[in-house]
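What follows draws every value from the coordinates through simple rules; no lab data is involved. These figures come from a predicted structure and were not determined experimentally. Methodologically, a virtual Cβ is constructed for each residue, glycine included, from the backbone with ideal geometry; neighbour enumeration extends over all protein chains shown.
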């Protein structure tokens, strides 16, 4: 049975979803979505996020949320969540303007059709990576996902705060970053973008 809304409900039966098959890897690469290889500063304070390895959505790696160092924004989403679909382009725009100051990472949550998730990310122009928790393994941790979309903000000192998603504009997200991370972000200049592309 498909999820009918954006509530966090675990699949009823034993769950085994392949989120990194060769076809999904090809689809992710063709869409221009990054693999989950973001390097975080190991010298930065660790957060209290769960130390649970999650496969990259359509990727060849796995990461633990415990590896995320701030400032960072984690977005929990799924392709069958209407508000998630609306805000993905906003998150991409934020990533393009401010991703050098606040890392953006998605978590495709309770999504049993990873191909649909990659297709939505492609349609939304998303290039930042997403981990996948198709079977809801995070439900066995202290991290509470009450509904989708949801944000977890990781500050530079390792502290975390959660907030409901469903934003409509980059300005809203910038305000949430200021509120939860205590930083004022500034847009990248065209020179910054050109230098990053040359690397």
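To the nearest 500 deg cm²/dmol, what mean residue ellipticity at 222 nm is calculated for the chain from DSSP H runs of n ≥ 4 alone, each contributing -39,500 (n - 2.57), summed and divided by the residues?
-9000 deg cm²/dmol
If each of residue 146 and residue 64 carries a label point 7 Å out from its Cα toward its Cβ, how far apart are those two points in nm?
My value for the distance between the label points is 2.8 nm.
Just the Cα atoms of the chain: what Rg and Dmax do they give in Å?
Both quantities, over Cα of the chain: 15.8, 51 Å.
Any idea how far apart residue 16 and residue 178 come out in nm if each label point goes 7 Å out from Cα toward Cβ?
Calculated label separation equals 5.1 nm.
Sorted by average packing, counted as other Cβ atoms within 10 angstrom per residue and highest first, what order do 152-165, 50-63, 124-137 take?
With the highest mean Cβ count within 10 Å placed first, the list reads 124-137, 50-63, 152-165.
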